[in-house]
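Okay, so here's the structure we're looking at.
The values are calculated or read from the model by the stated rules, or taken from the named source; none is laboratory data. Everything quoted here is computed from the prediction, not taken from an experiment. Counting neighbours? That spans all protein chains shown, and the Cβs are built from the backbone with ideal geometry, glycine included. For accessibility, only protein heavy atoms count, side chains too; no ligands or nucleic acids. Shrake-Rupley method; radii C 1.70, N 1.55, O 1.52, S 1.80 Å.
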Amino acid sequence: MKSFLNEKQIVIGVSGGIAAYKSSELIRILKKQGADIKIIMTENAGKFVGALTFKALSGQDVCAGLFDGKDGGSIRHIEWAEEADAVVIAPATANIIGKLANGIADDALSTFMLAVTSPVIICPSMNTHMYESRPVQRNLNTLEADGYIIIEPEEGELACGTTGAGRLPEPHYIADRLISTMFPSDLKGKKVLVSAGPTREPIDPVRYISNHSSGKMGYAVARAGEYRGADVTLISGPTSLPPVAGVKMVSIESACEMADAVFDQAENADIIIKVAAVADYHPKSISEHKIKKEEDVLSLTLDKNLDILKELGSRKKDQFLVGFAAETRDLDQNALKKMKEKNLDMIAGNLVGGSSSGFGSDTNQVTLYFSDGAKENLPVLTKDEVAHILFDRILVSMDGGRPAGK
Ligand code: CTP
């Protein structure tokens, strides 16, 4: 299964801050995803981490000086700039930020940067007062206006002994932002509402009824929407997944809480994708105290939960409504029935139970059904890939239709 960074040409610029050591971890993460990594470092970066470390981790010669290399370093910089799919400067010191904002090219990194045409992410990292100083803020505003993506530093204890904004964000977060630059912003201006994960229906203070949903598919949908520029709200039942960067998260437990949260957000949404595995029933009464095992047989009376998606379908005005149907048999029949009954524009159906599909798996094999009768069988894909195809099809459908046969 390919990662979105597979064979992508990524250049990491390292300038001379204490966080330079974190670039090693960033290289490792990106390499693991199949990216081809090249490093350009400033002279001061070399005082924190040796070029040999970066060479060993990236598997390539490191560019540390303007006239480095047998073949003339300055020409190599232009080649690297032309080949780059994305560039990240981590850490970016006040000095490199100032140079970039003013078009100064007096070393390998700053010279290279003037030739770059791909997306660029700048990760400022320095002492809090330096970061908040007017010149640095002015320069960052200039860079933002020039189209650079600025990742704000995290707050915390800094190496210089002060506490405040200035820490380089975690390498995984920087890698995530880098992946987001690989996608078009074709959902910009769209509000997307996603529900994910299971719900829990309490029985007593220590027990509940739930299901095996891991939330992975819904989180992948939220992530894909955010990567492509949408304003995404993710309403999530309990999962063990980390929050999705750039997404407004709303945590709920029961189906009733999910219904409240969804209806609260639904009116403003352009696209609603209900991936959540909502419990269909809840215990009629919740015991105030832990139920003791006194009886040989214990019966629970369950009341039906509101069908949130059906309710959204009945209220639908100018919205694109997508459901998910996880079935154990008769996929076509069940998915089509749900699409009709809930007034959906599209439903993604999958058969659960296989090792490459469904709950907990990182992959899914989905069939898409459209309200105009079209059907598309997708192969086994990562849930992230499925999520992007979902948005591809939604955009085409919202734009007025699909090519015949799709
Ligand atoms: N759904 C919902 N509210 C419910 C139950 C389901 O919004 N109370 C949504 C799910 O989020 C999903 C779709 O409806 O997008 C289909 O859910 P699923 O559990 O497959 O089907 P049900 O409609 O519950 O029907 P059944 O359990 O009989 O298969």
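Taking the three principal axes of the alpha carbon atoms in the range 208-303, the coordinate ranges are 56, 26, 19 Å, sorted in descending order. To the nearest 10, the accessible area of S185 is 70 Å² with a 1.4 Å probe. What is the angle, in °, between the Cα long axis of helix 134-145 and the longest principal axis of the Cα atoms in the chain? Nearest 10 is fine, range 0 to 90. Taking the Cα atoms of the chain, the angle to 134-145 is about 60 degrees. Taking a ≥ b ≥ c as the square roots of the eigenvalues of the Cα gyration tensor, the range 58-200 is oblate, since a/c reaches 1.5 or more and a/b is not larger than b/c.
Taking every alpha-carbon pair under 8 Å whose residues sit at least 6 apart, the chain reaches a relative contact order of 10 percent. Counting only aspartates and glutamates at least 8 places from K375 when in the same chain, those with an alpha carbon closer than 17 Å to its own are E327, D330, D332, D345, D392.
Loop-located trypsin sites (Lys or Arg not before Pro) in the range 305-358 (DSSP state not H, G, I, E or B) with no more than 14 neighbouring Cβ atoms inside 10 Å: K317, R329.
With the convex hull drawn over the C-alpha atoms of the range 191-398, the volume per residue is 132 Å³. With N as its number of residues, the range 1-140 has a Cα radius of gyration that, divided by 2.2 N^0.38 Å, comes to 1.00. Between the helical axis of 216-227 and the longest alpha-carbon principal axis of the chain there is an angle of about 50 degrees.
Any idea what angle helix 73-83 forms with the longest principal axis of the chain, computed on alpha-carbon atoms, 0 to 90 degrees, nearest 10? For helix 73-83, the angle is close to 20 degrees. Each eigenvalue of the Cα gyration tensor of the chain, multiplied by 5 and square-rooted, gives one semi-axis; in descending order these are 47, 25, 19 Å. Rolling a 1.4 Å probe over the protein heavy atoms leaves M41 with an accessible area of roughly 10 Å². A 1.4 Å probe run over the protein chains yields, for the chain, 49 Å² of accessible area per residue, whole-number rounding.
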